[in-house]
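The structure under discussion appears below in the form of structure tokens.
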There are 2 protein chains.
Amino acid sequence: MPKIDGARLIADLKRMADFGRYKTGVHRPTFSPQDVESRHWLASRMEEAGLEASIDGIGNVIGRRPGDGPRLLMGSHTDTQPQGGWLDGVMGVLYGVEVARAFRDDPALAGVGVEVASWADEESHYMSFLGSKSFVGELSEADIDATRNRDDGTPLREALARSGFAGRPRAAVDPARYVGYLEAHIEQGGYLESEARRIGVVTSIVGIHGYRVTFTGVQNHAGTTPMPIRKDAGVALVRFCNALYERFAAASGPRSVWTVGRILLEPGAPAIIPGRAEMLLQFRDGEPATMARLEGVLDQLVAETNQSGPCPVAVEVLSRTPPTIMDDRFQQALAAAAEVHAPGNWMAMPSAAGHDAQIIAHRLPAGMMFVPSIGGVSHHYSEDTDEADIVLGCQVFADAAARILEAARR
Amino acid sequence: MPKIDGARLIADLKRMADFGRYKTGVHRPTFSPQDVESRHWLASRMEEAGLEASIDGIGNVIGRRPGDGPRLLMGSHTDTQPQGGWLDGVMGVLYGVEVARAFRDDPALAGVGVEVASWADEESHYMSFLGSKSFVGELSEADIDATRNRDDGTPLREALARSGFAGRPRAAVDPARYVGYLEAHIEQGGYLESEARRIGVVTSIVGIHGYRVTFTGVQNHAGTTPMPIRKDAGVALVRFCNALYERFAAASGPRSVWTVGRILLEPGAPAIIPGRAEMLLQFRDGEPATMARLEGVLDQLVAETNQSGPCPVAVEVLSRTPPTIMDDRFQQALAAAAEVHAPGNWMAMPSAAGHDAQIIAHRLPAGMMFVPSIGGVSHHYSEDTDEADIVLGCQVFADAAARILEAARR
């Protein structure tokens, strides 16, 4: 059985958190200088682990194992949310590097091994799952041309050029090369903690729908325009949003979640009636029927608002990702490894967050494993996981990988 | 009677609109490069009109009349709202320059005259009425130290230094020097147009209260945090804002207006539950009792929200300006001049917008005059006024100034 080195793993995680450190977390948006620097450092760690590392034309860092024999691909992402946590994504990538080292150092595992990837921009600074989409062949050159940074509008082409990745070939999956794909991640929620379990074996990844909802009013002076004749896009947005919260609460399933993460009024000055307003809406559920029901509520409210006026509303679909079921044999391997290292202390559970595994699953069998998030917190610099849980998780992950590869060798 | 030159006035207005032109309007925020450049150009036009021009330590451009005799101060502002109109503020300043030329060219007016000011930052990029407050002695050095740009946080000190105005003396009003202050402005509303009048004689300027309302939640992952345990600052803001709109509609007077011009959710990403949210609220009315009633509604809703939770709300008062009555003799002079040049086509009316005149009125008798806004539009690049109305307004303004100064000479 491969034996991971917990201290070596933790040291790598801490070193990685130096790139873009923000308070106790990390601010490392995709293709920021800190992100680019961290990719080069990661490539050097992959080389040190005995892999042949390269960074491809979309920013994916991939460490390939020389020689023949069955291979398991492992990975996650190393970009972060704005002012995000130190483990979200990174932990899964460095688990891969640590497992690669453990396989290299175990003579019983000669002839099988792991390869490791950091997929670019899982966190959607330019496009959700940019790197994994590229790898599975779901990102065209035209898509790249059309993509811009969600915050400052920088074209993706410009960011790639500035990062030094433009013009490089983009890595593409060869399904014959891999037994499958395995991804580890922090849970990002509080289920493991509240159930006092240390390992989560993921059964499926929730579907996510994302929308931009835009209201068009008439910009005018906030003092001289009488209330009855105003067409205030901000008022329209607030009324719409308030109604949506109430209707979603009535239509949702027990695990549904919905969030308005951004509201923008234009031009955004205290003495000007907003002429345009937009909000970013996202909702998630594991059940396709519930997803369809929530989308129906949204469409109905849009239709009613456009009928009643005074500000027209338009909806743009930003993403519509269905739920993804994880490979059954991979779930069994993870469960068996968890039962060895944490007997009775693991559970099967859905993922309430999206992950690169749902994209890679389009071309390879895929599995996922969770470790607990303290207080269920993530997407915030205070995100953390007990060090003992981080180390335990990596050992379970290595053991599961060995089980999957041994089964493939037979 | 002074005779203004309409073509010369229009040419100046059009030249001024070149500084920061945006579509058919102007984008010239205070102390932007375009704003600074326009102040130097304005000073040169004042010199050409026979005034001694200087720019003071807060960015006020002041043209002083050499010699003795009664003086009337005229002015307004030349900074603009973001993507604002070409006449808002600027017209009143260039009326002053044109009237100065008309007085200079009329031998009957020897011994009296006008002085002209462009007050810095009427539009609140740093502080409402920054320049006029400085002129009347209501802006301390500590106030300047503490002031920052409302959009990007640039310290005012830094902006003054970059503009080349830091270290210059700040002009201060000498009440003995002036008969009073007269300001012309576009109406910015639709009352003149709907009543088919070409001149408005302002009776009073409305009071304005401005607030920042801040909600504190808990930032977390938008997929993995179940709805019942969320503390979403954005949801709290939307509910509060929706309730406020309804309660204000019930408590307001016939001419009350209220506006939420900006909403900000932090960190503002689609997959993060907002941990903090803020909105800028402003309301206006000519009646002190109505202003107090609206503030009471706000305070009551804040108290209820803090009692019910889950996100605490805090209110910061940004401004609390009472209504200002215009000088009675100045109203009469403007009315008499309007009756000569536009018989039956003028009206007395309150100003629904704030103006530098309300600040200068703290130290000098003050009057104001309006010309119509096409469609009542302002604070938008499409803002406009019929050229004939612009020229007529300047002639009325010059005539009223002559009447006020002749009365002072007797």
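Cβ-to-Cβ counts within 10 Å put B:THR147, A:THR259, A:THR385 in ascending order as B:THR147, A:THR385, A:THR259, the fewest first. Annotation for region B:163-177 versus region A:11-38: alpha-carbon center distance of 49 Å.
For B:LEU318, nonlocal amide neighbours, meaning residues 5 or more places apart or on other chains whose placed amide H falls under 5 Å from its own, are B:GLY210, B:TYR211, B:ARG212.
Sorting B:SER44, A:SER128, B:SER382 by the number of Cβ atoms found within 10 Å of their own Cβ, with the fewest placed first, yields B:SER44, B:SER382, A:SER128.
Please grab the % of Cα pairs in region A:75-168 that end up more than 17 Å from each other. Mind dumping the intermediate values first?
Details: 2571 of 4371 pairs.
Looking at region A:75-168, the distances longer than 17 Å represent 59 percent of pairs.
Each residue of region B:166-171 was assigned a 3J(HN,Hα) from its phi angle through the Karplus expression (A = 6.51, B = -1.76, C = 1.60, θ = phi - 60°), giving 4, x, 6, x, 9, 5 Hz with x at Gly and Pro. Maximal additional length on extending the B:ASP299-B:ALA146 stretch stands at 52.4 nm, based on 0.36 nm per residue less the C-alpha distance.
Between copies, A:SER140 shows label-point distances of 6.5 nm, shortest first, with the point placed 7 angstrom from Cα along Cα to C-beta. Among beta bridges identified by DSSP and lying wholly in the protein assembly as shown, the antiparallel ones come to about 70 percent. A point 7 Å from Cα along Cα→Cβ stands in for A:ALA249, and the other copies hold the same point at 2.0 nm, listed in rising order.
Shielding value for B:356-364 is 0, the average number of Cβ atoms from other chains within 10 Å of each residue's Cβ. Checking every one of the GluC sites (Glu not before Pro) in region A:65-156 against DSSP loop status and a limit of 13 other Cβ atoms within 10 Å picks out A:GLU138.
Run lengths n ≥ 4 of DSSP H only: what is the helix-derived mean residue ellipticity at 222 nm for chain A, with -39500 (n - 2.57) per run over all residues, to the nearest 500?
Numbers: 12 runs with 147 residues, N = 410.
Result for chain A: -11000 deg cm²/dmol, rounded to the nearest 500.
Database remark: amide H of B:ILE273 closer than 5 angstrom to the amide H of B:ASN220, B:HIS221, B:ALA222 (H placed geometrically; neighbours at sequence offset of 5 or more, or on other chains; Pro and chain starts carry no H). Modelled spin-label separation between B:ILE374 and A:ALA407, with each label point placed 7 Å from Cα along the Cα-to-Cβ direction: 7.4 nm. Legend: calculated FRET efficiency, A:THR24 to A:GLU339, from the Cβ-Cβ distance at R0 = 30 Å, rounded to 0.05, equals 0.35. Note on chain A: dipole from Cβ charges, positive end direction compared against A:VAL235, A:SER378, A:ALA251; the farthest Cα belongs to A:VAL235.
Looking at the square roots a ≥ b ≥ c of the eigenvalues of the Cα gyration tensor of region B:140-287, which shape do they give, rounded for a/c under 1.5, prolate if a/b is larger than b/c, or oblate? Oblate is the answer for region B:140-287, as a/c is 1.5 or above yet b/c matches or exceeds a/b. Taking the Cα centre of region B:50-179 as reference, the dipole from Cβ charges on Lys and Arg (+1) and Asp and Glu (-1) amounts to some 280 debye.
Do you know the relative contact order of chain A, to the nearest whole percent, from alpha carbon pairs under 8 angstrom that are 6+ apart? Kindly include the intermediate steps, with their values, before the conclusion.
Numbers: 933 pairs, mean separation 94.3, N = 410.
Relative contact order here is 23 percent.
Averaged over peptide A:270-280, the number of partner chain Cβ atoms lying within 10 Å of each residue's Cβ comes to 6.
For region A:342-356, 3J(HN,Hα) computed residue by residue from phi via the Karplus equation (6.51, -1.76, 1.60; θ = phi - 60°) reads 9, x, x, 10, 10, 8, 8, 6, x, 8, 8, 10, x, 8, 4 Hz, glycine and proline entered as x.
Descending by average beta-carbon neighbour count within 10 Å, the peptides A:316-324, A:185-193 line up as A:185-193, A:316-324, the highest first.
If you take the beta carbon distance between B:ASP105 and B:GLU287 as r and set R0 to 56 Å, what does 1/(1 + (r/R0)^6) give as a FRET efficiency, to the nearest 0.05? The formula returns an efficiency of 0.80 here.
Give, rounded to the nearest 20 debye, the magnitude of the charge dipole that region B:138-179 has about its Cα centre when Lys and Arg contribute +1 at Cβ and Asp and Glu contribute -1 at Cβ. Provide the component values of the computation, followed by the final result.
Working: 7 positive and 8 negative charges, 39 e Å.
In total the dipole reaches around 180 debye.
So what is the relative contact order of region B:310-384, in percent, for Cα pairs below 8 Å that sit 6 or more residues apart? Relative contact order here is 30 percent.
Annotation for region A:296-329 versus region A:107-125: alpha-carbon center distance of 35 Å.
Would you order B:ASP35, B:ASP151, B:ASP232 from fewest to most other beta-carbon atoms within 10 Å of each residue's own beta-carbon?
Values: B:ASP35 24, B:ASP151 13, B:ASP232 27.
Lowest to highest Cβ neighbour count: B:ASP151, B:ASP35, B:ASP232.
Have a look at the DSSP beta bridges in chain B and tell me what percent are antiparallel, nearest 5.
That works out to approximately 70 percent antiparallel.
Of the DSSP H helices in chain A, those with a Cα length along their own long axis of 24 Å or more and a mean Kyte-Doolittle hydropathy reaching 0.5 comprise A:233-251, A:387-409. The stretch between B:THR216 and B:ARG15, if pulled fully straight at 0.36 nm per residue, gains 67.6 nm over its current Cα-Cα span. Relative to the other identical copies, B:ALA303 shows label-point distances of 4.5 nm, where the label point lies 7 Å from Cα along the Cβ direction and values run shortest first. Taking the Cα centre of region A:207-321 as reference, the dipole from Cβ charges on Lys and Arg (+1) and Asp and Glu (-1) amounts to some 120 debye.
Any read-out appearing in this document is the output of simple, stated calculations on the displayed coordinates, not a laboratory observation. Not measured: the values here are computed from a predicted model. Note that each Cβ is placed from the backbone with ideal geometry, even for glycine, and that neighbours are counted across all protein chains shown.
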